[in-house]
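To start, the structure itself, in structure tokens.
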Amino acid sequence: MPDLWSAVFYIAVALLIAVVGYVLGRAIRHILDSFFRRTGLNDWFRSFNIGRALLRSGYTAGEFFGSVAAWVVYIVFFLLALAYIALNFGYQDSYALILSILYTYVYGFVKFFIISIFGFILVDGFVEYIYKGALSKSEVVVGVVAEYVRIILYLVVITFALEQGGINVTTLSSMLTPITWALAAALVAVLVAESVKKK
């Protein structure tokens, strides 16, 4: 354990780290929000399901990504402040645990988040291509196929993102198999019903 003045100094430095993280997080939030607004990315995101979902929840894309980035910075700097205190006060186990949390959970979440966003955008872009009649001229059939493909690809993206984020997805993968078959059966039933109607 350090002496009194050293302890005060370490605590003051830890508080400074936390304050710097708070200021930096707010700055990043403002920068991202302004960047999305000025470059037209807010409007671009509205063409995807994720952008429309954000709007329904009361956020523009810039506000949402800015808030997420800000909270990640807050958490990182708060944990760094705790790690600094633990290291200088001789709590090596706590220091190692905090660094493990930073790498496993915070870094894992960042990877999961980025992969999910890019994956959802790619999926929505592909589904919009299907909706333009790439698979069929029947609007009903195209809609059914497109939404089936969207759901399946969303599940694939989420599974892959979780795996890259460091989460064991073995159980989730085994659960997705019956879900996929059930969706396939529902798709076939709709297509058969549509063909019967035409007759």
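General remarks:
- Members of the range 103-125 found to be modelled with pLDDT of 85 or more and of a type in the set (S, T, N, Q), listed by number: S116
- Those residues of the range 62-95 which are assigned to a helix (DSSP H, G or I) and small (G, A, S), in sequence order: G62, G66, S67, A69, A70, A81, A83, A86, S94
- Test: residue in the range 37-52 that is among the aromatic types (F, W, Y) and under 30 Å from L97 (Cα atoms): no
- Selection status of Y59, among the hydroxyl-bearing types (S, T, Y) and either in contact with a strand residue (DSSP E or B) (Cβ under 7 Å, 6 or more places away or on another chain) or closer than 21 Å to F118 by Cβ (or both): yes
- Among the residues listed as R26, R38, the single one being free of Cβ contacts under 8 Å to residues at least 60 places away in the same chain, of a type in the set (D, E, K, R), loosely packed, with under 13 Cβ neighbours inside 10 Å and part of a helix (DSSP H, G or I): R38
- Selection within the range 57-88 - of a type in the set (A, V, I, L, M) and more than 12 Å from I28 (Cα to Cα): A61, I75, V76, L79, L80, A81, L82, A83, I85, A86, L87
- Candidates A86, A81, A96 - the one that is loosely packed, with under 14 Cβ neighbours inside 10 Å and either in contact with a strand residue (DSSP E or B) (Cβ under 8 Å, 6 or more places away or on another chain) or not assigned by TED's automatic domain parsing to the domain that holds Y154 (or both): A96
The values are calculated or read from the model by the stated rules, or taken from the named source; none is laboratory data. Since the model is a prediction, treat every value here as computed from it, not as a measurement. Counting neighbours? That spans all protein chains shown, and the Cβs are built from the backbone with ideal geometry, glycine included.
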